[in-house]
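Visitor: Pasting in a structure now, in structure tokens, and then I'll have a few things to ask.
Rule-based calculations on the coordinates, nothing more; no lab input. This one's a predicted model, so the numbers in the text were calculated from it and none came from an experiment. Here the Cβ positions follow ideal geometry from the backbone for every residue, glycine too, while neighbour counts run over all protein chains shown.
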Amino acid sequence: MDEVYRKTRETEVCVKVNLDANGKANVSTGTSFLDHLITSLATHSLIDITAKVKGDLRHHSVEDLAICIGEALNKALGNREGIIRFGNALAPMDCTLAFSAVDLVKRPYFKINLKLRGKKIEDMATEDINHFFETFATSLNANVHIFVQYGSNDHHKAEAAIKALALSLRQAVAIDPKRTGVPSSKGVI
């Protein structure tokens with residue numbers, strides 16, 4: 001289990017992740033919809049995630065949680081030796097279809113388009129949902145693309161997006177039984 005602890009004047013965040021697990025979540029962020037998203041991420045990636053967040057503002061809590069989850073996964077992956085590295089998935093949820101593609105290449109880049117229309121989903125600002133995905137990708141030190149293809153319900157769009165991300169991460173972090181060393185023609189990632 002890999003752990004990241006971050007304490008600033010605005011937040012205190014502790015995140016633990018276990019790649020060799022079965023998707024258990026123990027999440028307390030102070031934002032119910034964020035708890036729901038992180039629980040879905042754990043459940044569908046089969047990565048155990050424990051996350052405890054105390055913060056002054058929701059935006060700061062969301063941002064620092066994304067930093068810590070990304071850093072914890074990055075730490076757990078080490079030099080990426082033996083992993084598949086790439087993953088992609090489609091995730092439907094009722095009226096919505098979302099797509100995610102991940103490359104755990106150690107070069108941060110993201111393209112996120114969730115097509116969220118409202119200002120808020122439950123108790124979370126939609127701009128913070130977008131910011132979570134962007135910050136997570138950068139902190140994971142990975143190339144992450146997430147697109148909602150269509151949908152009419154913002155809750156379903158965000159949830160389908162996190163499930164697609166989870167499924168693509170599940171593929172990318174898996175051990176490749178045919179691989180020895182890092183999955184790169186360069187010999188390093």
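Visitor: Which of C95, C14 has the fewest other C-beta atoms within 10 Å, and how do the rest follow up to the most?
Guide: Taking fewest neighbouring Cβ atoms as first place, the list is C95, C14.
Visitor: Give me the dipole magnitude in Debye, nearest 20, for the chain about the Cα centre, with unit charges on the beta carbon: positive for Lys and Arg, negative for Asp and Glu.
Guide: Working: 24 positive and 22 negative charges, 108 e Å.
About 520 debye.
Visitor: Let me ask something else about it. Let me have the 222 nm mean residue ellipticity of the chain computed from DSSP H runs of 4+ only, each contributing -39500 (n - 2.57), with the sum over all residues rounded to the nearest 500. Show your work: numbers first, answer last.
Guide: Working: 4 runs with 69 residues, N = 189.
-12500 deg cm²/dmol, from helical runs alone.
Visitor: Another one. Can you bin the chain into rounded, prolate or oblate? Criterion: square roots of the alpha carbon gyration tensor eigenvalues sorted a ≥ b ≥ c, rounded for a/c under 1.5, prolate for a/b above b/c, oblate for the rest. Provide the component values of the computation, followed by the final result.
Guide: On the way: a/c = 1.81, a/b = 1.25, b/c = 1.45.
In terms of gyration-tensor shape, oblate.
Visitor: For the chain, with a Gaussian network of springs between Cα atoms less than 10 Å apart, report the residue from K163, K111, K178 with the top mean-square fluctuation.
Guide: Evaluated over the chain, the most mobile residue of the options is K178.
Visitor: For a quick check: with amide H placed at 1.01 Å from N, whose amide H comes under 5 Å from G82's, ignoring anything fewer than 5 positions away on the same chain?
Guide: Long-range HN contacts for G82: G181, V182.
Visitor: Now, a different point. In the range 2-173, if the dipole is taken from +1 on Lys/Arg beta carbons and -1 on Asp/Glu beta carbons about the Cα centre, which of C14, V53, L104 is farthest to the positive end?
Guide: Working it through, the farthest residue towards the positive pole turns out to be L104.
Visitor: Also, I was wondering about something else. Leaving out same-chain residues fewer than 8 places away, which lysines sit with a Cα under 24 Å from that of K16?
Guide: Answer for K16, where 24 Å is the Cα cut-off: K7, K24, K52, K54, K75, K106, K163, listed by chain and number.
Visitor: Would you mind pulling out the separation of the Cα centroids of the range 32-89 and the range 124-189, in Å?
Guide: 10 Å
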